[in-house]
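Report on one structure; see the data block that follows.
The values are calculated or read from the model by the stated rules, or taken from the named source; none is laboratory data. Note that this is a predicted model, so its numbers are computed, not measured. Positions of Cβ are generated from backbone atoms using ideal geometry, with glycine treated the same way; all protein chains shown enter the neighbour counts. Only protein heavy atoms, including side chains, enter the accessible area calculation; ligands, DNA and RNA are left aside. Shrake-Rupley method; radii C 1.70, N 1.55, O 1.52, S 1.80 Å.
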Amino acid sequence: MYKKLLLTATLAVSSIFATAQAENPKFLSMLTGGTGGTYYPLGGAIAKIISDETGIKTDALSSNASADNIIAVNNGEAEIAFTQTDVAAYAIDGVNNFEGKKVEGIQALGSLYPETVQIVTTDKSGIKTVNDLKGKKVSVGAPGSGTYVSAEQILEVYGLNMNDIRAQHLDFGESVGGIQDGNIDAAFITAGTPTGAVEQLTATAKVNVLPIDGEEAKKLIDKYPFYGVNTIKQGTYGLANDVNTVAVLAMLVVKKDLPEDAVYNITKAIYENVDKISHAKAKEISLNKALDGVGFDLHPGAKKYYEEKGLEVK
């Protein structure tokens, strides 16, 4: 009789615990990127939508972006984060800067917009092509950022590597400051265009963005299929002509153990309220593109929403 009562009590406690575990969170931390990039202001706008539409208070926090964001969510330090599709793929597969430390605690929520690879310099520098970067001081992104890996891959298809340049590990704001001060010659900036930090540079210098096109772009996309062709339009940053380049995709990942209902509601809130997102990038976010570049498991809550909307979910 005693054992039976004890078992009943244990099951009751377990049931209460399971119910508590399944409850929607009251607060969420969303990791974005540096304050000079696109993730931070866009993240603030998306966090507001989530808060308003779901009742879950969501705070957008600045960070070192992609790779660090994934590690933080995996370690339980945040619940939702911006990253790049390529960096997320590396984390799931345990390659590149995730070598030997495969990430298992994240799942995909959905893709947002193209992340344009911008190799930024000034007209005064005399740098016109990627090959001209040889021997120059070049910012290749903050430690832990996806920009570094992109820089490596792009240099590779041009027959260069990190030893051929004088690599500087700076975030977007520091990169632009370094170009303005003459401390560096160019910077890799992987972000949605127009990027705030680059726009600031136009106030003091004539901006030049190096093209990534032709045979090198084809070689890059063939080897790394998460890239696609992209164009920075004439007039952006005062550019006289369109500049052909490449892009990956910005996406959101979530903590794997977030409740299904919470992630369903968050996904629904974002993709059904794009018109309320107070950022220029909102026009590039759509439900039809939400699965572009997502090469790993969706969170069940996001999957449920997409299936309800008739998207083909693999």
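Miscellaneous remarks
- Checking each residue of segment 64-81 against the condition of being free of Cβ contacts under 8 Å to residues at least 60 places away in the same chain, among the small types (G, A, S), crowded, with 24+ Cβ neighbours inside 10 Å and in the same structural domain as L291 (by the TED database) gives no match.
- Some residue of segment 140-155 being more than 22 Å from Y39 (Cβ to Cβ) and touching a Leu at 6+ places or on another chain (Cβ under 8 Å): yes
- Where F226 falls short, out of the listed (1) part of a helix (DSSP H, G or I); (2) open to solvent by less than 60 Å² (accessible area, probe 1.4 Å); (3) not assigned by the TED database to the domain that holds A47: (1)
- Subset of segment 263-300 that is open to solvent by 30 Å² or more (accessible area, probe 1.4 Å) and basic (K, R) - its residue that is farthest from I221 (Cα to Cα): K276
- In this structure, N244 does not satisfy being modelled with pLDDT of 95 or more and outside any strand (DSSP E or B).
- Count of residues meeting criterion [within 13 Å of S111 (Cα to Cα) and either of a type in the set (D, E) or in contact with a Gly (Cβ under 9 Å, 6 or more places away or on another chain) (or both)] in segment 248-284: 11
- For G293, the criteria (1) outside the structural domain of G192 (by the TED database); (2) more than 16 Å from S150 (Cβ to Cβ); (3) of a type in the set (G, A, S) hold in every case but one, which is (2).
- Considering residues of segment 181-201 that are more than 19 Å from N69 (Cβ to Cβ) and modelled with pLDDT of 95 or more only, the residue farthest from the chain's Cα centre (by Cα): N183
- Residues satisfying the stated conditions in segment 106-144, i.e. among the aliphatic types (A, V, I, L, M) and not in a loop (DSSP other than H, G, I, E, B): I106, A108, L109, L112, V117, I119, V120, V130, L133, V138
- If you check A247, A217 for being in contact with a helix residue (DSSP H, G or I) (Cβ under 9 Å, 6 or more places away or on another chain) and surrounded by 14 or more Cβ atoms within 10 Å (Cβ to Cβ), only one passes: A217.
Each row is one residue, and each column tells you yes or no for (1) among the acidic types (D, E); (2) modelled with pLDDT under 95.
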{"position": "T38", "(1), (2)": "no, yes"}
{"position": "D59", "(1), (2)": "yes, no"}
{"position": "V73", "(1), (2)": "no, no"}
{"position": "F82", "(1), (2)": "no, no"}
{"position": "A89", "(1), (2)": "no, yes"}
{"position": "V95", "(1), (2)": "no, yes"}
{"position": "K134", "(1), (2)": "no, no"}
{"position": "V138", "(1), (2)": "no, no"}
